[in-house]
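To start, the structure itself, in structure tokens.
The values are calculated or read from the model by the stated rules, or taken from the named source; none is laboratory data. This one's a predicted model, so the numbers in the text were calculated from it and none came from an experiment. All Cβ positions, even for glycine, are placed from backbone atoms using ideal geometry, and neighbour counts span all protein chains on display. SASA here: full protein model, heavy atoms, side chains in, ligands and nucleic acids out. Shrake-Rupley method; radii C 1.70, N 1.55, O 1.52, S 1.80 Å.
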Amino acid sequence: QVQLVESGGGLVQAGGSLRLSCAASGRTFSNYAMGWFRQAPGKEREFVATISWSGGSTLYVDSVKGRFTVSRDNAKNTVYLQMNSLKPEDTAVYYCAARPYTIVTMKDEYVYWGQGTQVTVSS
């Protein structure tokens, strides 16, 4: 079992930045690929970014490439999502998720989920 707790969400103006954190506890964090997803009101939960267990591989949805950066610190059992140049369309609840080893973009492939943190970008 892996427990995930997100933090760092909030209200920011368009063009601003936020850094989300996801602290993991339970099983060996470094065995898990980590993903970030988001869900806006009335929309499906969508993939944002993922990072491999070693941090050596990452994937991003096209809409955040060049603006968001996913990273991890296995010594701190934490994964981060640095979000720059935020846009109103980035407004959503952001979730981190974990799955064993390999990175994938499909949400149904992730086993463990956090409770989410709200990000609101004002225009």
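Could you tell me whether residue 71 is among the polar types (S, T, N, Q), open to solvent by 10 Å² or more (accessible area, probe 1.4 Å) and over 12 Å from the mean Cα position of the chain (by Cα)? It is false that residue 71 is among the polar types (S, T, N, Q), open to solvent by 10 Å² or more (accessible area, probe 1.4 Å) and over 12 Å from the mean Cα position of the chain (by Cα). Of the numbered criteria (1) of a type in the set (D, E, K, R); (2) surrounded by fewer than 17 Cβ atoms within 10 Å (Cβ to Cβ); (3) in contact with a helix residue (DSSP H, G or I) (Cβ under 8 Å, 6 or more places away or on another chain), the one residue 90 fails is (2).
Checked against (1) in contact (Cβ under 8 Å) with a residue 60 or more places away in the chain; (2) in contact with a Gly (Cβ under 8 Å, 6 or more places away or on another chain); (3) of a type outside the set (Lys, Arg), residue 74 passes all but a single condition, namely (1). Residues of the range 58-87 that are touching a Lys or Arg at 6+ places or on another chain (Cβ under 8 Å), of a type in the set (A, V, I, L, M, F, W, C) and either over 18 Å from residue 2 (Cα atoms) or at pLDDT below 95 (or both): 81, 83, 86. Go through the range 88-123 and report how many residues are under 19 Å from residue 3 (Cα atoms) and either free of Cβ contacts under 8 Å to residues at least 24 places away in the same chain or part of a strand (DSSP E or B) (or both). Residues that pass the stated criteria total 14. Residues in the range 46-57 that are modelled with pLDDT of 95 or more and open to solvent by 60 Å² or more (accessible area, probe 1.4 Å): 46 alone. Taking the range 22-44, which residues are within 15 Å of the chain's Cα centre (by Cα) and either surrounded by fewer than 18 Cβ atoms within 10 Å (Cβ to Cβ) or of a type in the set (A, V, I, L, M) (or both)? Residues satisfying the conditions are 23, 24, 33, 34, 39, 40.
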